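All remarks here apply to the structure that follows.
The values are calculated or read from the model by the stated rules, or taken from the named source; none is laboratory data. Since we're looking at a predicted model, the values are computed, not measured. Methodologically, a virtual Cβ is constructed for each residue, glycine included, from the backbone with ideal geometry; neighbour enumeration extends over all protein chains shown. Only protein heavy atoms, including side chains, enter the accessible area calculation; ligands, DNA and RNA are left aside. Shrake-Rupley method; radii C 1.70, N 1.55, O 1.52, S 1.80 Å.
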Amino acid sequence: MTDEARKRIAQATDLVRCNTRLVIASASVGLGGSLRIEDVVEIARGAGATLSDDVLRRVDAARQVVVEALKAGAIVYGVTTGFGGLANVRLTPDHSTALQHGLLRSHAVAVGNELSAEEVRAMLALRAHVLALGHSGVRRDVVLRFVEMLEMDILPVVPEQGSLGASGDLAPLAHLALPVIGEGEVRLAGERLPAIEALRRCGLEPLTLEAKEGLALVNGTQGMTAIGVLAAWRAGRLAKIADISAALTIEAILGTDRAFDPRVVGLRPHPGQLASARNLMRLLAGSEILSSHRKSDHIVQDAYSIRCAPQVHGAFRDVVRHSAETLEIELASVSDNPVVLAETGEILSGGNFHGQPVALACDALAAATVGLASISERRLFRLLDPKTSNGLPAFLVGEAGVNSGFMVCQYTAASLVSEMKSLAHPAAVDSITSSAGQEDHVSMGMIAARHARECLRDAEAAIAMEVLSAAQACDLRAPLLAGTASRAAIASLRRVVPTLVHDRALKPDVDATIALLRSGELITAVEGEIGPLE
């Protein structure tokens, strides 16, 4: 790799780092109250978390109910009994600590790749948040420990595979919780080390769990919800990127904006479709390229990948909105079991840990993302073929045959879209019996969330191929100028990727473009010229 290629990747990577760096220590999000997707994203990217005095008093009240139940010798699942298929085994108070610690140790058997630092921070925040809602019956010290870990960036090593999605994300959450008792592994300032060593470096002592607390730490949907929330946030941003990418292609390919006329689009008033069409009209405004052939009769109708962009992009937007709404309900939910009702002094078992709502929301998000990437790949195909690009050179480079240009970018995009189709098979259609038949229907919600995240990752890369190629195609239309928005997008790209004149190593260009999209810089550049996109 040349020094220039390394420089381009470094410049684009810096954009991502700037957008994901830890925020100033004074920034914080209150837990135990109303929590939005944006709040979780802020914490995932480094913001702190706080617990108000009112929230801590609520936690104390729920804990007192557990204490009173123990004193009364009540039979309470997970408090004075075993777990799952062992729920009928009666235990004494003397077993409390061994039971709760053993639960974490025995359940921490997840495998596979580690969750990212952002995903782990989101999980820590959501676990603290659900405990802080005051229906789990843990001591305030347990909730505060998660907040301390966030503040000090002590991040448990959490493998991503092993959850069935009911009773929640047991195995991943057990890995998340082990460091509370000084066990398992964490990352501290990027270094992987035993949890006990990290706690000592930060001046913290391991906690000794009491009745109900180990169960409260592993029961819930915080694994799938954390991944799903971050994926939904990325999806919202990708919707804007897809509109920008489509606008670039429409200009480059000498398409028309007639199909986006609000009088036409408004006859089918799906909210996402209307928003995407409005975006496209604004993105294409002031284009000399479009004006050059506006009165021409050679284009009666564009191909579907051009003409139906608002319909496809809009359907994606509507699914993103629905998924986000479901996930925000989950953020406000108590998914522990059993739950403590401090008002009445009751401890009741239920099924709030079941991840079906989150699983279905993430499955829908994954499926919708395939359509967004697929239509982008079809536009890319048309850009590269002289039979459909309206006069552009083959593969967008001179001396075709000597140069291959962007030919294999389309191969890669097509490969990504094909892989996404497999990933988007709904995880929630499956179930399998576990725990000696006690847990006989599960959601596979963690799998659904991971697949949604992976589909978004692949879609970002596929759409980056279109942005890279469409910008090149717009350059080839000189001296005609693209619209103001497209010029801003191209200028943003050109800061890290120069125009292609002859074949060169394209991998650095592709990586830099993907990093540019993921950083949010492309959106920032465009919105700086035309105002916020919908």
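Of note:
- Here the stretch 317-342 is the region considered, the condition is being among the small types (G, A, S) and open to solvent by 30 Å² or more (accessible area, probe 1.4 Å), and the residue that is farthest from G214 (Cα to Cα) is A332.
- For the residues L506, L516, the requirement of being out of contact with any strand residue (DSSP E or B) (no Cβ under 6 Å at 6 or more places or on another chain), crowded, with 24+ Cβ neighbours inside 10 Å and at pLDDT 95 or above singles out L516.
- All positions within the stretch 396-417 that are over 33 Å from the mean Cα position of the chain (by Cα) and either closer than 20 Å to A373 by Cα or part of a loop (DSSP other than H, G, I, E, B) (or both): V397, G398, E399, G401, V402, S404
- Against the numbered list (1) closer than 19 Å to K240 by Cβ; (2) of a type in the set (A, V, I, L, M, F, W, C); (3) open to solvent by less than 10 Å² (accessible area, probe 1.4 Å), V397 comes up short only at (1).
- Applying a threshold of 7 Å to beta carbon distances and a minimum spacing of six or more residues, or different chains, the list of pairs starting in the stretch 37-56 at a residue that is outside any helix (DSSP H, G or I) and ending at one that is acidic (D, E) reads R45/E118; G48/E151.
- Inside the stretch 342-361, residues that are part of a loop (DSSP other than H, G, I, E, B) and not hydroxyl-bearing (S, T, Y) make up a count of 9.
- Scan of the stretch 372-390 for residues that are assigned to a loop (DSSP other than H, G, I, E, B) and open to solvent by 20 Å² or more (accessible area, probe 1.4 Å), ordered by number: D385, P386, K387, T388, N390
- Whichever residue in the stretch 82-111 is at pLDDT 75 or above and among the hydroxyl-bearing types (S, T, Y) and, among such residues, is surrounded by the most Cβ atoms within 10 Å (Cβ to Cβ): S96
- Test: residue in the stretch 305-322 that is hydroxyl-bearing (S, T, Y) and either in contact with a strand residue (DSSP E or B) (Cβ under 8 Å, 6 or more places away or on another chain) or closer than 21 Å to S163 by Cα (or both): no
- Number of positions in the stretch 343-371 that are more than 29 Å from the chain's Cα centre (by Cα) and surrounded by 20 or more Cβ atoms within 10 Å (Cβ to Cβ): 1
- Filter result for Q311 (surrounded by fewer than 21 Cβ atoms within 10 Å (Cβ to Cβ) and in contact (Cβ under 8 Å) with a residue 60 or more places away in the chain): no
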